[in-house]
Amino acid sequence: MSTVNTSQTRVVVIEDQIMLRDLVASMAISIPGMVVVGEASDGREGLAMCEQEKPDLVVFDIFLPGLNGMEILRQFAPKNTKTRFMAISANFTPDSIRELLELGCHGICAKSSSATKLKEGIREVRNGSGYLCPASASLLRESHLTINGAAKRKGKLSNREREVLQAVAEGYSTKQIAEKLEVSVKTIEAHRANLMKKLDARSAVELTRYAYELGIIELPARYGTTDAPVN
C-alpha cells in the first residue's frame, strides 16, 4: 500500500485544450495538499515552466504544439528524478504506452476516462503508486508490444532532430524553425538533411508522415498543412 504524502504537492498542468486543462487543474486542487503552480498550453512553454518550478507532479498531454509530451518527459525526467509524471491523451497506442513507461512516466489516463478515474489517477501518482486507467491497461493486455519499424527509426533521432521534425510537420519554414530554436538557418538545414537521410524521406510531406507514425504529432491535419502557424 502506498503512503500518502501529507506535504504540499506542487503541480504543473500542460494541456492545449483549455476546458480539459481547467478540469485537470480543478481535479488536482480538489485533492488535499495539492496546489497548481503552473499551467501551459504549449509543449515548449510547459518544459520551461517545469524547469523553472521544479514541480512534484506534472500532468501532461502527449500531443502538444511546439514540443510533444514525450519530449518533455525525455528532456526533463532524467534530471528531475523526484518529479512524478502523469500522461493523458485521446489516442494512446500500445507502443506509446510502452514508451511512456520506459521514459519513466508513472501514470497514464485516457481522455475517454471519467473525471473520477482522472482524479483517482492523479491521487495515486501523487501518493507514489503507478496508475494505468482501464483503457490503457486493456491496450497492454491485448498487445504483444512488438517494436515496429517506426519505433526503430525513432531511436536513431537526437532530441534536437525530433524537435525539428515536429516543427516541419507542423508546417513551419526553415527560417521560422531557426528562429524558434534560436539557431542559424544553416543548422536547421543540416538537421533537415540528416532527418531526410535517417528516415529515408524525400519531401516534407514524407517527414510529416513519419512524424505521425513515430507518435511525434497526433494527426497531420491537426495543425494545418497549407499555411504555416503564426508565431
Quiz item: When the range 109-132 is examined, which residues are found to be part of a loop (DSSP other than H, G, I, E, B) and either within 20 Å of GLN8 (Cβ to Cβ) or touching a strand residue (DSSP E or B) at 6+ places or on another chain (Cβ under 9 Å) (or both)?
Solution: LYS111, SER113, ASN127, GLY128, SER129, GLY130
Practice problem: Could you check, for the range 98-107, whether at least one of its residues is more than 14 Å from the chain's Cα centre (by Cα), farther than 19 Å from SER30 by Cα and either surrounded by fewer than 19 Cβ atoms within 10 Å (Cβ to Cβ) or modelled with pLDDT of 85 or more (or both)? | Solution: no
Exercise. Would you mind finding the one in PRO55, PRO65 that is part of a loop (DSSP other than H, G, I, E, B), in contact with a strand residue (DSSP E or B) (Cβ under 6 Å, 6 or more places away or on another chain) and buried (at least 17 other Cβ atoms within 10 Å of the Cβ)?
Key: PRO55
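For the range 84-97, what are the residues that are outside any helix (DSSP H, G or I) and surrounded by fewer than 20 Cβ atoms within 10 Å (Cβ to Cβ)?
ALA90, ASN91, THR93
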Self-check item: Residue ID - surrounded by the fewest Cβ atoms within 10 Å (Cβ to Cβ), chosen from residues in the range 16-43 that are in contact (Cβ under 8 Å) with a residue 40 or more places away in the chain and in contact with a Leu (Cβ under 6 Å, 6 or more places away or on another chain)
Solution: ASP16
Quiz prompt | Filter result for the condition that a residue is in a helix (DSSP H, G or I), acidic (Asp, Glu) and touching a helix residue (DSSP H, G or I) at 6+ places or on another chain (Cβ under 9 Å), over GLU45, GLU71 | solution = GLU71
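Taking the conditions exactly as written (assigned by TED's automatic domain parsing to the domain that holds THR83, at pLDDT below 95 and either part of a helix (DSSP H, G or I) or in contact with a strand residue (DSSP E or B) (Cβ under 7 Å, 6 or more places away or on another chain) (or both)), does ALA28 satisfy them or not? Lay out the reasoning, then the answer.
Working: assigned by TED's automatic domain parsing to the domain that holds THR83: yes; at pLDDT below 95: yes; either part of a helix (DSSP H, G or I) or in contact with a strand residue (DSSP E or B) (Cβ under 7 Å, 6 or more places away or on another chain) (or both): yes.
For ALA28, the condition - assigned by TED's automatic domain parsing to the domain that holds THR83, at pLDDT below 95 and either part of a helix (DSSP H, G or I) or in contact with a strand residue (DSSP E or B) (Cβ under 7 Å, 6 or more places away or on another chain) (or both) - is met.
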Quiz item: Only one of ASP16, ASP22, ASP56 is out of contact with any Ser or Thr (no Cβ under 9 Å at 6 or more places or on another chain) and not β-branched (Val, Ile, Thr); which?
Solution: ASP22
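The values are calculated or read from the model by the stated rules, or taken from the named source; none is laboratory data. Source: prediction; values computed, not measured. Every residue, glycine as well, gets a Cβ built from its backbone with ideal geometry; the counts of neighbours run over all protein chains shown.
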